There are 2 protein chains.
Amino acid sequence: MQEVLKIFKIGGGIIDDPGQLQQFLGELAKLDNKIMLVHGGGKGASQMLQELGIEPKMVQGRRITDAATLDIVTMFYAGKTNKQVVAGLQAYGVNALGLSGADGNVIRASKRPVREIDYGFVGDLDEQSINTELLQSLLGAGLTPVFCAITHDGQGQLLNTNADTIASSLARALAPFHQVELHFCFEKDGVLADVQDENSVIPQITPDEYQALKAQGVIAAGMVPKLDNAFAALEAGVERVVIENALKINEPVKTILCRS
Amino acid sequence: MQEVLKIFKIGGGIIDDPGQLQQFLGELAKLDNKIMLVHGGGKGASQMLQELGIEPKMVQGRRITDAATLDIVTMFYAGKTNKQVVAGLQAYGVNALGLSGADGNVIRASKRPVREIDYGFVGDLDEQSINTELLQSLLGAGLTPVFCAITHDGQGQLLNTNADTIASSLARALAPFHQVELHFCFEKDGVLADVQDENSVIPQITPDEYQALKAQGVIAAGMVPKLDNAFAALEAGVERVVIENALKINEPVKTILCRS
């Protein structure tokens, strides 16, 4: 029986609220499983770009990471947010270790190729990106890796990388060694059957049910790429994917995506 | 025979010059010893504070780290500088891992007590600050720890800490396990017998010679606390302290401080 490894992803909403972040870290510290945490960015970096007069570069509605933007997001994600999360977990007795992809070469990415859009310094991951050997040894040493959404290309270039992608790539890469649970935490209690009703959390969704819910339009818009990604992770060997409220990870209400 | 561990400290001058930083990292990559690197801040953080309209707080000529300043220096030191150095070393094939003191609880500090001056969020180190067990295991895994000048208090508070102090505390704490060499790198080739003459590098200084050079006024001002600190490290078991040019670490010209 392999050991359970829970990989949590938290997004901007919770990072922007110090009280909620603290509460989440306290709940995380109650778990006695092996844990990894991936955090997104929050609004701080955008605010700082604005204060410094660096205009957000958009092409066809997509945000471009130019050199000045990369500098600021690296400072925010790998500096401020990552170190606050790590210090916060340490205060709860969790031996957290902050990582960008460059640290220990733990996530190596490729700069996204320029096609219709040049996204700038954005990194994409592939099957070889994750250094599972180092992660296994860090987990074995009792450490809790905390990832920010910055990777590198192995040639000295840092790259901005989607935090959801990092979380699911970690889950897939570590699935051969652990019973991996991938937890996407956000502001709602799970996937809602009725967007207007916060109490309509769907407790469990199989791939077939997911196709039906998409066809009915119950699951739409922003949730679709997230859930497509989640079901792909299940197919690739991840044990379960959980969609839940960041402040209620130790409560029973949540959506569990399962293989069948 | 214990293995040699070389701990390098680089300061602001080299960090502010990307070309020189690159050159230094290339020279560092040529060494086949176990290595650690501690980096200071550079002018970037001060410039950003200014651009954001955060006035430097000074009391009796000493800089105060208030909450806003701590945020910016954490972003700069732990985010931008640390990750650029780590990614740069990775490009040279060195498996660098960036660390603040909070990461893996590797350096725990105490907030400096308020006496005549309240320095704000500044951390002081003591004999128990360094987590030698984790460092030994990282070195054993073939990693090269890269430290920024940010520590934590174990209760969730990050603290700004002098990089020279971090370097010598690491050296002293690891002296029981390795033959530790502590390398302070800066813009000059070593300690100069004549400040006007760049070629007057003193190749070796014993504690007795140091007292004489201080009495003669050859070594004065900013060098005194650095060298006092260095000789204290030697007394505490560090094998040698080297004062050298960051761009010439693989050349013979340097000042070696030795126990006798």
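The values are calculated or read from the model by the stated rules, or taken from the named source; none is laboratory data. Quick caveat: nothing in here was measured; it's all calculated off a predicted structure. When we count neighbours, we look across all protein chains shown, and the Cβ atoms used for this are built from the backbone with ideal geometry, even at glycine. We work out accessible area using only protein heavy atoms, side chains counted, and drop any ligands, DNA or RNA first. Shrake-Rupley method; radii C 1.70, N 1.55, O 1.52, S 1.80 Å.
Centroid-to-centroid, using Cα positions, the range A:229-248 and the range A:46-65 are 31 Å apart.
DSSP assigns beta bridges within chain A; of those with both partners inside it, close to 30 percent run antiparallel. State, in square angstrom and to the nearest 100, the accessible area buried between chains A and B, both chains counted, probe radius 1.4 Å. Protein heavy atoms only, the A-B interface buries about 2700 Å². Chain A has one residue whose beta-carbon comes closest to the axis relating it to chain B; that residue and its distance in whole Å are A:Gly79, 1.
Counting from the shortest, the label point at A:Asp208, 7 Å from Cα toward Cβ, is 9.1 nm from the same position in each remaining copy. Per-peptide packing, taken as the mean over residues of other Cβ atoms within 10 Å, places A:67-73, B:205-211 in the sequence A:67-73, B:205-211 from highest down. Comparing Cα centroids, the range B:71-127 and the range A:17-32 end up 23 angstrom apart. Remark: chain B carries a charge dipole of roughly 320 debye about the Cα centre, counting +1 on each Lys and Arg Cβ and -1 on each Asp and Glu Cβ.
Within chain B, the selection of entire DSSP H helices by a Cα span of 27 Å or greater along the long axis and an average Kyte-Doolittle value of at least 1.0 returns an empty list. Inter-chain Cβ neighbour count for A:152-159, averaged per residue, equals 5 (cutoff 10 Å, partner chain atoms only).
Annotation: aspartates and glutamates with alpha-carbon distance below 17 angstrom to B:Lys43 (same-chain offsets under eight excluded): A:Asp71, B:Asp16, B:Asp17, B:Glu51, B:Glu55, B:Asp71, B:Asp164, B:Glu187. Neighbouring Cβ atoms from other chains, within 10 Å of the Cβ of residues in B:51-58, number 1 on average. Inter-copy label distances at A:Val253, using a point 7 Å along Cα-to-Cβ, come to 7.2 nm with the shortest given first.
Averaged over peptide B:104-117, the number of partner chain Cβ atoms lying within 10 Å of each residue's Cβ comes to 2.
Per residue, the solvent-accessible area of the protein assembly as shown (1.4 Å probe, heavy atoms of protein chains only, all protein chains present) comes to 42 Å².
Among the listed pairs A:Lys30/A:Lys83; A:Lys111/A:Lys188; B:Lys80/B:Lys248, give every one whose C-alpha distance is greater than 30 Å. The answer is A:Lys111/A:Lys188. When peptides A:77-83, A:36-42, A:186-192, B:141-147 are ranked by their average number of other Cβ atoms within 10 Å per residue, the highest-first order is A:77-83, A:36-42, B:141-147, A:186-192.
How high is the FRET efficiency between B:Val114 and B:Gln204 when r is their beta carbon distance and R₀ equals 41 Å, given to the nearest 0.05? Computed FRET efficiency for B:Val114 and B:Gln204: 0.45. Spin-label pair A:Ala215-B:Phe177: with each label point 7 Å from Cα along the Cα-Cβ axis, the two points sit 6.0 nm from one another. Taking every DSSP bridge with both residues inside the protein assembly as shown, close to 30 percent are antiparallel.
Distances between copies of A:Thr132, taken at a point 7 Å out from Cα along the Cα→Cβ vector and listed shortest first: 3.6 nm. Sorting the segments B:21-29, A:1-9 by their mean number of nearby beta carbons within 10 angstrom, highest to lowest, gives B:21-29, A:1-9.
If the chain linking B:Val224 and B:Lys43 were pulled fully straight, counting 0.36 nm for each residue of separation and taking away their Cα-Cα distance, it would gain 62.9 nm.
Surface listing: B:Ser129, A:Ser260, A:Ser46 arranged by accessible area from highest to lowest gives A:Ser260, A:Ser46, B:Ser129, probe 1.4 Å. A Förster distance of 35 Å, applied to the separation of the beta-carbon atoms of B:Gln22 and B:Gln128, puts the FRET efficiency at 0.45. In chain A, the calculated helix contribution to ellipticity at 222 nm averages -9500 deg cm²/dmol per residue, counting -39,500 (n - 2.57) for every DSSP H run with n ≥ 4.
Tell me whether chain A comes out rounded, prolate or oblate; compute the Cα gyration tensor, take square roots of the eigenvalues as a ≥ b ≥ c, and use a/c under 1.5 as the rounded threshold. Rounded.
Remark: the range B:89-231 carries a charge dipole of roughly 380 debye about the Cα centre, counting +1 on each Lys and Arg Cβ and -1 on each Asp and Glu Cβ.
Remark: the protein assembly as shown carries a charge dipole of roughly 60 debye about the Cα centre, counting +1 on each Lys and Arg Cβ and -1 on each Asp and Glu Cβ. Extending 7 Å from Cα along the Cβ direction at B:Lys30 and again at A:Arg259 yields two label points whose distance is 5.4 nm.
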